[in-house]
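Engineer: Got a structure here, written out as structure tokens. Questions coming.
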């Protein structure tokens with residue numbers, strides 16, 4: 001993997017992890033357009049870790065408050081919120097463990113499938129664009145249902161942030177609260193997936209990216225993630241998801257006819 005390829009893939013990962021356009025779908029399209037790029041475990045772990053770090057930076061005050069409340073060792077609002085985040089991670093953990101091979105089979109150049117899923121994402125975002133902001137806070141049932149939406153988003157082309165925010169809005173939750181929960185709930189699955197990859201992967205194999213490419217990709221993903229995360233928060237507050245609906249419908253349609 002060259003430095004230029006690492007930079008582009010890092011930017012793509014950082015931007016699309018938070019914007020409701022599907023990072024996995026865009027990475028599949030990016031790899032298809034740039035030619036066959038060997039899978040690299042160390043690069044994958046690095047760019048995903050960088051996007052997690054950007055989330056932590058943006059929501060550092062919320063996370064500090066949550067963990068401060070947790071270490072009071074009582075059933076307070078912060079502990080309850082953390083418990084809801086953990087509950088939201090259960091569906092994707094089950095899907096990841098039980099259907100890992102089937103999910104991986106959907107990747108690797110199936111661009112028409114990616115295009116179809118992007119079109120579905122576009123329709124979901126279009127619907128959510130017209131849903132008024134509710135006043136509810138995330139309930140226990142909401143957390144689980146939003147978690148199911150996150151589990152569906154393991155499909156390349158289905159946006160994780162898009163599906164979770166749209167689901168939260170359709171359930172009647174406040175826009176700002178829906179966005180915050182969506183971005184915080186991704187931390188556990190991504191950290192968990194990275195841990196599994198590190199434990200079970202082989203970093204010594206020849207397919208790994210070089211140190212320079214890994215560093216370039218991680219920095220690009222981190223900076224792009226900071227920008228995308230803050231931008232997305234602003235856009236959801238203003239109810240501007242229809243921009244991304246049009247984008248996903250267009251890119252999905254083009255991808256569907258790529259091969």
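Readers should treat all values here as calculations from the given coordinates under stated rules, not as data from a laboratory. If you're wondering where the values come from, they're calculated on a predicted model, not measured in any experiment. Neighbour counts are summed over all protein chains in view; Cβ atoms, including those assigned to glycine, are modelled from backbone coordinates with ideal geometry.
Engineer: Distance in nm between label sites at residue 104 and residue 53, each 7 Å beyond Cα in the beta-carbon direction?
Structural biologist: 2.7 nm
Engineer: Taking 0.36 nm per intervening residue step and subtracting the Cα-Cα distance, what contour gain separates residue 68 from residue 234 on full extension?
Structural biologist: Result: 57.1 nm gained on full extension.
Engineer: Is any residue of the stretch 159-190 close enough, with backbone N under 13 Å, to a label point placed 7 angstrom from the Cα of residue 76 along the Cα-Cβ axis, and if so, which?
Structural biologist: No residue qualifies, since no backbone N sits under 13 Å from the label point.
Engineer: Need one number: nm distance between label points at residue 97 and residue 223, each 7 Å from Cα along Cα→Cβ, rounded to one decimal.
Structural biologist: Reported label-point gap for residue 97 and residue 223 is 4.0 nm.
Engineer: By the gyration tensor of its Cα atoms, with a ≥ b ≥ c the square roots of the eigenvalues, what is the shape of the stretch 15-156: rounded for a/c under 1.5, prolate for a/b over b/c, or oblate?
Structural biologist: It comes out prolate by the Cα gyration axes.
Engineer: Give me 174, 142, 101 sorted ascending by neighbouring Cβ count inside 10 Å, so fewest comes first.
Structural biologist: Fewest-to-most Cβ neighbours within 10 Å comes out as 101, 174, 142.
Engineer: Starting from the Cα of residue 112, step 7 Å along the direction of its Cβ; do the same at residue 191; then give the gap between the two resulting points in nm.
Structural biologist: 4.1 nm
Engineer: Tell me the mean residue ellipticity at 222 nm calculated for the chain from its helices only (DSSP H runs of n ≥ 4, each -39500 (n - 2.57), averaged over every residue, nearest 500).
Structural biologist: -24500 deg cm²/dmol
Engineer: For the chain, what is the per residue volume of the convex hull drawn over the alpha-carbon atoms, in cubic angstrom?
Structural biologist: It is 120 Å³ per residue.
Engineer: Within the stretch 218-238, list the residues whose amide N lies under 16 Å from a label point set 7 Å along Cα→Cβ of residue 61.
Structural biologist: 230-231, 233-234
Engineer: Let me ask you something else. Return P(r) of the stretch 211-259 (all Cα-Cα pairs; 5 Å bins starting at 0; whole %; ordered from short to long distances).
Structural biologist: P(r) for the stretch 211-259, in whole percents per bin: 4, 17, 14, 15, 16, 19, 12, 3, 0.
Engineer: When only C-alpha pairs under 8 Å and at least 6 residues apart count, what is the relative contact order of the stretch 3-256, in percent?
Structural biologist: After rounding, I find 42 percent.
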